1. Given the -39500 (n - 2.57) contribution per DSSP H run of 4+ residues, what per-residue ellipticity at 222 nm results for the chain, rounded to the nearest 500 deg cm²/dmol?
2. In terms of the ratio Rg/(2.2 N^0.38 Å) built on C-alpha atoms, what value belongs to segment 2-118?
3. If you build the convex hull over the alpha carbons only and average its shadow over all orientations, what do you get for segment 123-283? Give it in nm² to one decimal.
4. Helix 66-79 sits at what angle to the longest principal axis of the chain, using alpha carbons and giving 0 to 90 degrees rounded to 10?
5. Regarding the chain, what whole-number volume in Å³ per residue does the convex hull of its Cα atoms give?
6. Could you give the size of the charge dipole of segment 1-72 about its Cα centre, using +1 on the Cβ of each K and R and -1 on the Cβ of each D and E, expressed in debye and rounded to the nearest 20?
7. Could you work out the relative contact order of segment 123-283, using alpha carbon pairs under 8 angstrom and six or more residues apart, expressed as a whole percent?
8. Starting from a Cα-only point model with no solvent, please compute log10 I(q)/I(0) by Debye for segment 62-157 at q = 0.23 1/Å.
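Rule-based calculations on the coordinates, nothing more; no lab input. Only a predicted model underlies this, so the values are computations on that prediction, with no experimental measurement involved. Note that we place each Cβ from the backbone using ideal geometry, even for glycine, and neighbour counts take in every protein chain shown.
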Amino acid sequence: RIAYVNGVYVPLRDASVHVEDRGFQFADSVYEVCEVRDGALVDETRHMGRLKRSLSELSIRMPMAENALKVVLRETLRRNRVVNGMVYFQVSRGAAKRDFLFPSPDTPPTLVVIARSLDRAKGDAGAASGIAVITLPDNRWERVDIKSTGLLPNVLAKQKARQQGAKEVWFFDEQGYVTEGGSSNAWIVTAENTLLTRPAESGILRGITRTTLMDLARRDNMVVTERAFTVAEAKAAKEAFVTSATNVVMPVVKIDDTVIGDGTPGALARKLRAHFHSVAEHSV
Ligand code: PMP
């Protein structure tokens, strides 16, 4: 496998950044994950838009022009022969003598791109059974709208989920409302078949899959309401699922010790998963 690091393509085993890279020392960096399907990047425009927003919120400059970055993504995919899988790209504020304060503005940002093939049949098989999630208090910072690599709370929470036989964690805020998953957005379906997901104004990352799924649901005349729901409401829901670039729509069949519906993936979740790529952007 090949990685792109600051202007060069190198074998992954030799791919490294400086020990004083600010991404390494301060998690002073942001990232994106884009699904690759049949050779096309899924929702690349929206992922680029969010990358630029994350960078701008942190006053980190784009490592190169957007069009050049798009070429690097494609070249990394090509060199790794990825047709179905994902591309990960990360930008840090660059390498500089360790200091909390921003380095001089001429410090070049670090850009790393990694690509990986993913077995679609395996993903579909996982979605056919659905996943269990556990709930935990959200102990993250207020700026989770920025897709930063500062993911230690997510790492610890997802590890705890794994120890309890679950694939994902759902964080909840001080009022008991679900915020989002450790690496996904959270959704439920009410008894009236209304899709509920938390407004992106607070407490969550504005997931690209979440946004595109809202396009799909509205196209198909489903009712989507952006409102927060509690853990108790989720446990009593008709269906539950999560969205993310790599898992698309993943049904949730158990929350803590509560089985959702009949314990199998819900009809709406299955339908949304099946139709997602008919509305998402595909760029070659
Ligand atoms: N929330 C968090 C905390 C995430 O890490 C992710 C995935 N990176 C998402 C939501 C889903 O976002 P997307 O649909 O853009 O992958």
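1. -9000 deg cm²/dmol
2. 1.05
3. Numbers: hull surface 36.1 nm².
Taking the Cα atoms of segment 123-283, their convex hull projects to 9.0 nm² on average.
4. Helix 66-79 and the main axis of the chain meet at about 80 degrees.
5. So the per-residue hull volume is 130 Å³.
6. 80 debye
7. 25 percent
8. -1.19
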